[in-house]
Amino acid sequence: MIEIIIDTTIRAGTPIFFATLGAILMEKSGIINLGIEGLMLIGALSGFFFTYSSGNPYIGFLMAAIVTSLVGTIHGVLTIYLRGNQIVSGLALTMFGTGVTALFGKNMVGETIIGLDRMPVIFLKSIPYLGVLFKQDIIVYFSIVLLILIHLFLHKTSVGLNLRTVGENPYAADNAGINVNMYRFITVFISSGIVGIGGAYLSVSYTPLWIENMTAGRGWIAVALVIFSSWDVRKALLGSYLFGGIAANQLRLQAIGTNISVQLLQMLPYIFTIIVLILSSFRGEKNSSSQPESLGLPYDREDRI
Amino acid sequence: MIKIEKRDLSSNNFAKGLYKLLSFLIGLAMSTVLLKLLSVDITQFFIELYQDSLGSKYAVSETLLKATPLIICSIGVSLAFKMKLWNIGSEGQLYMGALASTIVALYIETDSSFIMLSSMILASFLLGGLWSGFAAILKSKLNVNEIIVTLLMNYIAILLVDYLVYGPLKDPAGFNFPYTKQFPDVALLSTFFNTRLHYGVIIAVILLVIYYIIIEKSIWGYEIRVIGSNPNAAKYSGINIDINIFMVMFLSGGISALAGFSEVSGVIHRLQHSISPGYGYTAIIIAWLSNQNYLGILFSSIFMAILFIAGDTLQLNYQLPISLVNAFQGIILFMLLISDFFMNHKISIKWRKND
């Protein structure tokens, strides 16, 4: 029983986790993206379509990352080079993604594909209770590797430091010779691809099916999780499993005999996120707050002081 | 080399309007091309859309029916927008307004339609206002970002309504469907001549007039605009920013909540799972699109309503998914964002180097 709950939690949390990773990276560079939901849908459809037509789920994931990166550049060009409003552009991206995938996915509804095989790790898989952690498919393992890589990149490399500076103070970054727009653009490009992998996990591995609007708000959860995790990719893993676990295990939780309603349980992480925001604002001045200082603001050289 | 300079066209309303109209038409043209690719007969489609949205008295009433919640929510969002506050929570405030109206409608016993409807309006206004006012307090006292808080509170509001219609408020005779009992007759807004259009549209127009007076004609509206454009100047001239943040956000949420009242009392006649196809989110777009101008809000809302109807037409007559409309909205918005850049920047190409 515990094994099944852990397994469901991981599989339901992984799509959200990828989306949150992508969203955190973008926000670290100063770009807020409310289009995550749309990008996830693009990833889900392209992942499913290319798995369906090639018969190979790995090609599906690869193409999902590429296609979503390309669509994500719309947000990049509009907000970075054309200095458009990030909120409006993100909302537009979500609308666009929802509509386009509903349209092009029409013929994919009801089709079936063969999803990903599980890859049990020798020895580790037989640990009692926790062995299930090592019986996942390759994308789950990849998400953990990506977590470590992004964490090391942001905090241990000079390029990562540059990226954070771009998000905190683009004017200072520019003065230090960092190409702000290029940093932001490449970040949006790569992060969109990561979001796309999350979407593809949903359609290629988790279900594996294509259903119109199948992300059902997971992209919005990712946007909320960025704040929940205070822009820390490690806490994002925790948050994703928490959100995914509650949603996916709700029937089981009720079967065990918890009398609390599903909706109230689902509400908890959002309430908790607001409490985290309040507490972190008590902790003090601007410096200790983890939100990138220039989040949501377009960068224009002319405004340099 | 290409030289990009900032320019300020904010005083030139004609040029601004022209830019917006042009980019809007380009977006529309691109959407038409998409339809053409789907082998939709464009002429035929536009004739059908005209018939469904403007061609008859009933068609116009349906358009106005869909425009009503959009206008109300957009006024709420625009008010906050004038002060450079982002109220992303219009959708949740709509749900809270619907919830408050429902509780009043189901639990207060009165034979007077006036007492019933005015208590419903008051209740939804207060609950919606407190809902967004919470975000305002966090913003002014603790400097917590209002975009994030209002966004998060959308989910809480929607889940709360879901919890109630799946649980405590579920109609016992409703075959387990997630909705409440139907409202008593006194709690319903009356409709106009054999259409579904109800008095909510009058509320929307009254709110629009009030909005115009507050923003354009009152001293308070002037203060709001000053805080929005230059908070420091506002502070030095003695305007209390904290109180204004609270009042504007309270009003913004309260007004959005009235859209929820109007939907449950005028259209659905009960509270149920999923009462809005994203009116609150579309309102953010309208507020931005219209530049928070009252006429802009009116026309953009009607246009968005026609787009919603276009979705119905495409679904019924062409078996295309209704969310295709979202793609059109997205494309048009992308074009408008591009036009914003050309509006605010002067681009000149010079062939000489080092100039």
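May I ask you to verify whether residue A:144 is out of contact with any Phe, Trp or Tyr (no Cβ under 8 Å at 6 or more places or on another chain) and either under 22 Å from residue A:22 (Cβ atoms) or open to solvent by less than 60 Å² (accessible area, probe 1.4 Å) (or both)? When the stated conditions are applied, residue A:144 passes them.
Here's the yes/no breakdown for (1) within 14 Å of another protein chain (Cβ to nearest Cβ); (2) of a type in the set (A, V, I, L, M, F, W, C); (3) farther than 25 Å from residue B:115 by Cβ:
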position	(1), (2), (3)
B:169	yes, yes, no
B:174	no, no, yes
B:177	no, yes, yes
B:190	no, no, no
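Is it fair to say residue B:183 is aromatic (Phe, Trp, Tyr), more than 25 Å from residue A:217 (Cβ to Cβ) and more than 10 Å from every other protein chain (Cβ to nearest Cβ)? So residue B:183 fits the description; yes. Within segment A:72-84, not a single residue is without any contact (Cβ under 8 Å) to a residue 40 or more places away in the chain, of a type outside the set (Ser, Thr, Tyr) and either away from every other protein chain (no Cβ under 14 Å) or on the phi > 0 side of the Ramachandran plot (or both).
Being at pLDDT below 90, hydrophobic (A, V, I, L, M, F, W, C) and more than 25 Å from residue B:146 (Cβ to Cβ) is a property that does not hold for residue A:224.
Within segment B:148-197, restricting attention to residues that are farther than 30 Å from residue A:86 by Cα and among the aromatic types (Phe, Trp, Tyr), the residue that is most open to solvent (accessible area, probe 1.4 Å) is B:175. I'd like to check something: does segment A:89-98 contain any residue that is within 11 Å of chain B (Cβ to nearest Cβ), part of a helix (DSSP H, G or I) and either open to solvent by 60 Å² or more (accessible area, probe 1.4 Å) or under 22 Å from residue A:51 (Cβ atoms) (or both)? Yes, because at least one residue in segment A:89-98 is within 11 Å of chain B (Cβ to nearest Cβ), part of a helix (DSSP H, G or I) and either open to solvent by 60 Å² or more (accessible area, probe 1.4 Å) or under 22 Å from residue A:51 (Cβ atoms) (or both). Listed conditions (1) under 24 Å from residue A:292 (Cβ atoms); (2) modelled with pLDDT under 95; (3) not acidic (Asp, Glu) are all met by residue A:5, apart from (1).
The one condition from (1) more than 10 Å from chain A (Cβ to nearest Cβ); (2) closer than 24 Å to residue A:87 by Cα; (3) free of Cβ contacts under 8 Å to residues at least 24 places away in the same chain; (4) open to solvent by less than 40 Å² (accessible area, probe 1.4 Å) that residue B:279 does not meet is (3). Within segment B:205-246, being within 28 Å of residue B:299 (Cα to Cα) and open to solvent by 70 Å² or more (accessible area, probe 1.4 Å) holds for B:205, B:206, B:209, B:210, B:213, B:216, B:217, B:219, B:222, B:225, B:229. Within segment B:290-328, the residues that satisfy the criterion of being under 17 Å from residue B:67 (Cα atoms), without any contact (Cβ under 8 Å) to a residue 60 or more places away in the chain and touching a Gly at 6+ places or on another chain (Cβ under 7 Å) are B:325, B:326. The set of residues in segment A:114-164 that are among the charged types (D, E, K, R) and touching a helix residue (DSSP H, G or I) at 6+ places or on another chain (Cβ under 7 Å) comprises A:125, A:135, A:137, A:164. For residue A:16, state whether it is modelled with pLDDT under 95 and in a helix (DSSP H, G or I). When the stated conditions are applied, residue A:16 does not pass them. When we screen B:261, B:303 for residues that are at pLDDT 90 or above and open to solvent by 40 Å² or more (accessible area, probe 1.4 Å), the only hit is B:303. Within segment B:2-56, restricting attention to residues that are within 24 Å of the chain's Cα centre (by Cα) and more than 27 Å from residue B:345 (Cα to Cα), the residue that is least open to solvent (accessible area, probe 1.4 Å) is B:53.
Of all residues in segment B:85-103, which are surrounded by fewer than 24 Cβ atoms within 10 Å (Cβ to Cβ) and either on the phi > 0 side of the Ramachandran plot or assigned to a helix (DSSP H, G or I) (or both)? The answer is B:103, and nothing else. Counting the residues of segment B:282-312 that are within 14 Å of chain A (Cβ to nearest Cβ) and in contact with a helix residue (DSSP H, G or I) (Cβ under 6 Å, 6 or more places away or on another chain) gives 15. Could you check, for segment B:342-350, whether at least one of its residues is under 30 Å from residue B:120 (Cβ atoms), open to solvent by 10 Å² or more (accessible area, probe 1.4 Å) and within 14 Å of chain A (Cβ to nearest Cβ)? Looking for residues that are under 30 Å from residue B:120 (Cβ atoms), open to solvent by 10 Å² or more (accessible area, probe 1.4 Å) and within 14 Å of chain A (Cβ to nearest Cβ), one finds none in segment B:342-350, hence no. For segment B:116-147, taking the residues that are polar (S, T, N, Q) and facing another protein chain (nearest Cβ under 8 Å), the one that is least open to solvent (accessible area, probe 1.4 Å) is identified as B:145. On the stretch given as segment B:66-84, residues that are outside any helix (DSSP H, G or I) and within 14 Å of another protein chain (Cβ to nearest Cβ) total 1. Are there any pairs, at least 6 apart or on different chains, whose C-beta atoms fall under 6 Å, with the first in segment A:263-282 and at the interface with another protein chain (Cβ under 7 Å from one of its Cβ atoms) and the second charged (D, E, K, R) and open to solvent by less than 30 Å² (accessible area, probe 1.4 Å), and if so, which? Pairs found: A:263/B:162. The set of residues in segment A:33-63 that are open to solvent by 10 Å² or more (accessible area, probe 1.4 Å), of a type outside the set (Gly, Ala, Ser) and not in a helix (DSSP H, G or I) contains only A:56. Within segment A:105-121, being outside any loop (DSSP other than H, G, I, E, B), open to solvent by 20 Å² or more (accessible area, probe 1.4 Å) and more than 10 Å from every other protein chain (Cβ to nearest Cβ) holds for A:107, A:118.
Scanning segment A:222-261 for residues that are among the β-branched types (Val, Ile, Thr), within 14 Å of chain B (Cβ to nearest Cβ) and open to solvent by less than 20 Å² (accessible area, probe 1.4 Å) yields A:223, A:226, A:227.
The values are calculated or read from the model by the stated rules, or taken from the named source; none is laboratory data. Keep in mind it's a predicted model, so treat the numbers as computed, not measured. Glycine also receives a Cβ, built like all others from the backbone with ideal geometry; neighbour counts cover every protein chain displayed. SASA here: full protein model, heavy atoms, side chains in, ligands and nucleic acids out. Shrake-Rupley method; radii C 1.70, N 1.55, O 1.52, S 1.80 Å.
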